[in-house]
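Engineer: Can you read through this structure? Questions will come right after.
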Amino acid sequence: MEPVPPHRQQALVERLSRMCGGSFSPGRRREYFISGPQWAAAYQGQALFYAPTREPVTYADVIREFGRLGIGHWTTHDSDVIATEDLGTDRQAAEIERIRTALAAHGVACSMVTTETFFNAAFAAGPAPEAPELREYVRFRVRNTVDIGHELGARYAVYWPGSLGYFVQGAVDEMQSLEWYAEAIDAACERDVEVAARKGRPTLRHCLEAKPFEPQAEILLPTTDAMLAFIASGRLAHPDMVGVNPEYLHELMWGGAPRAALARALLAGKLWHIDINDGYRLKHDVDIAVGMVNPLDWLNVLVLLRSQGFEGPFNLDFKPLRTTSNWGVFAVSFATAVDRFITLWEIAGDVAEDPVIREATDALKAGSGVSASSDAKTLFEANKELLTLHELIGHRLFQILVGLHRGRAVFD
């Protein structure tokens, strides 16, 4: 193949993208409660050992491109769009008005806001530090984010206490740190009740997001299960206002099964928001786009969510690859991430209607009909062939995922 000069490279990517096929229209994409984060689209490819590979983009750029692609919802950290020194000032109000104008111009809604309590040097000791003046600053930040959410029409607020922990044991009192963190969440909820009443709006749904590793050496609330225990601990003043925002990769990172974590959150009635991405077990937070690493696992997740009536929000919390250009972030990365999600969601619908899976599942639930009271051996012998259906169901899920359930020979 001849070298491809710079002025012909975008055309090549566009042609090969069309050859891939399978794209959904912007209107079709808007049918799903999918949101795109400002921070994901604005990610420049930098990391601990990585220099940036992309130029900065503004929230106006991101909102415009989301509207064009059919990503109907936008999410942001407070300091992604407002300078830290401007938070809570008249300059914040002016910026919020500009954001509202951009959202309206492109038919995009703000669905969720979140507070950055991990990057700024003020959070060196986390979002529940020993110094009372720093804890008051944390409370200011979360209360102010509630204000931003109501001004932008958001329905959700998310809190990621990624730096709630320590590097060395004994440096902090874990019980006290958790109490102080509860005070911060209480401050957000209490401000929400006040502002919602004043504006005649529903209160936000406040969601806690867990992560097992990074940036601290030991995280105090590392998993969704830990968050559920924290909500149920009796330490929160408004536990009914607080749920969880599991992130797929965060549950995968520690070796768990995201589907099982989501099931436990559903059982608790606390699954309110989900961050969707992909990656690898027992690795760092690579934030690869949904379905790129574990498509069969993702199919199973969506089968569960569809069966329980969960339809979003699904927040595209991933990092476009460092090898993707500024243009490619929207031309390829976000467009294909949304389309993979919709495709997997539709395949999950096929699973729900599949006669093989339905009959196998019904047979397992029906059992053998052999009653043997306390005779364990007889009960096992009566049901052991049925249990082989577990493996058959796994095979059938694979067939449906890759399209092999159609057109195969059936032997009587």
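The values are calculated or read from the model by the stated rules, or taken from the named source; none is laboratory data. Model, not experiment: these values are computed from the prediction. Every residue, glycine among them, receives a Cβ derived from its backbone with ideal geometry; neighbour counts consider all protein chains shown.
Engineer: Hey, any hits in segment 347-365 for a residue that's in contact with a Ser or Thr (Cβ under 8 Å, 6 or more places away or on another chain) and either among the polar types (S, T, N, Q) or not in a helix (DSSP H, G or I) (or both)?
Structural biologist: The initial filter retains those residues of segment 347-365 that are in contact with a Ser or Thr (Cβ under 8 Å, 6 or more places away or on another chain), namely 352.
Restricting the remaining residues to those that are either among the polar types (S, T, N, Q) or not in a helix (DSSP H, G or I) (or both) gives none.
No, there is no match, as no residue in segment 347-365 is in contact with a Ser or Thr (Cβ under 8 Å, 6 or more places away or on another chain) and either among the polar types (S, T, N, Q) or not in a helix (DSSP H, G or I) (or both).
Engineer: What are the residues in segment 194-243 that are under 16 Å from the mean Cα position of the chain (by Cα), part of a loop (DSSP other than H, G, I, E, B) and of a type outside the set (D, E), if any?
Structural biologist: Hits for segment 194-243 are A210, K211, P212, P222, T223.
Engineer: Here is a further query. Would you mind stating whether P161 is assigned to a loop (DSSP other than H, G, I, E, B) and surrounded by fewer than 24 Cβ atoms within 10 Å (Cβ to Cβ)?
Structural biologist: no
Engineer: Given the criterion in contact with a strand residue (DSSP E or B) (Cβ under 7 Å, 6 or more places away or on another chain), part of a helix (DSSP H, G or I) and buried (at least 18 other Cβ atoms within 10 Å of the Cβ), identify the matching residue among F318, F334.
Structural biologist: Step by step, each of F318, F334 is checked, and only F334 is in contact with a strand residue (DSSP E or B) (Cβ under 7 Å, 6 or more places away or on another chain), part of a helix (DSSP H, G or I) and buried (at least 18 other Cβ atoms within 10 Å of the Cβ).
Engineer: Can you tell me which of (1) assigned to a helix (DSSP H, G or I); (2) surrounded by fewer than 18 Cβ atoms within 10 Å (Cβ to Cβ); (3) touching a Ser or Thr at 6+ places or on another chain (Cβ under 9 Å); (4) assigned by TED's automatic domain parsing to the domain that holds D317 is the one I99 doesn't meet?
Structural biologist: Failed condition: (2).
Engineer: Suppose we filter segment 164-180 for residues that are part of a helix (DSSP H, G or I) and either out of contact with any strand residue (DSSP E or B) (no Cβ under 9 Å at 6 or more places or on another chain) or more than 18 Å from V142 (Cβ to Cβ) (or both); how many remain? Spell out the reasoning first.
Structural biologist: Taking segment 164-180 first, the residues part of a helix (DSSP H, G or I) are 174-180.
Remaining after also requiring either out of contact with any strand residue (DSSP E or B) (no Cβ under 9 Å at 6 or more places or on another chain) or more than 18 Å from V142 (Cβ to Cβ) (or both): 174-176, 178-180.
Total satisfying the criteria: 6.
Engineer: Tell me which residues, restricted to segment 1-53, are assigned by TED's automatic domain parsing to the domain that holds V329 and aliphatic (A, V, I, L, M).
Structural biologist: I34, A40, A41, A42, A47, L48, A51
Engineer: Using the structure shown, decide if L404 is touching a helix residue (DSSP H, G or I) at 6+ places or on another chain (Cβ under 7 Å) and either assigned by TED's automatic domain parsing to the domain that holds W39 or exposed (fewer than 13 other Cβ atoms within 10 Å of the Cβ) (or both).
Structural biologist: no
Engineer: Could you please tell me which pairs satisfy a Cβ distance under 7 Å, a separation of 6+ or placement on different chains, a first residue in segment 115-138 that is under 19 Å from D186 (Cα atoms) and without any contact (Cβ under 8 Å) to a residue 40 or more places away in the chain, and a second residue that is part of a helix (DSSP H, G or I) and hydrophobic (A, V, I, L, M, F, W, C)?
Structural biologist: L134/A122; Y137/A122
Engineer: Then there is this: Can you pull out every residue in segment 48-98 that is of a type in the set (A, V, I, L, M, F, W, C) and either closer than 19 Å to T117 by Cβ or over 20 Å from the mean Cα position of the chain (by Cα) (or both)?
Structural biologist: Residues satisfying the conditions are L48, F49, A51, V57, A60, V81, I82, A83, L87, A93, A94, I96.
Okay, residues lined up against (1) touching a residue at least 60 places away in the same chain (Cβ under 8 Å); (2) charged (D, E, K, R); (3) not in a helix (DSSP H, G or I):
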position: A40; (1), (2), (3): yes, no, no
position: Q44; (1), (2), (3): no, no, yes
position: P56; (1), (2), (3): no, no, yes
position: D61; (1), (2), (3): no, yes, no
position: R68; (1), (2), (3): yes, yes, no
position: R91; (1), (2), (3): no, yes, no
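Engineer: If V290 passes every condition in (1) assigned to a loop (DSSP other than H, G, I, E, B); (2) surrounded by fewer than 23 Cβ atoms within 10 Å (Cβ to Cβ) but one, which one does it miss?
Structural biologist: That leaves (2) as the condition not met.
Engineer: I need the full set of residues from segment 273-287 which are outside any loop (DSSP other than H, G, I, E, B) and farther than 19 Å from V113 by Cα, in order please.
Structural biologist: D278, the sole residue that qualifies.
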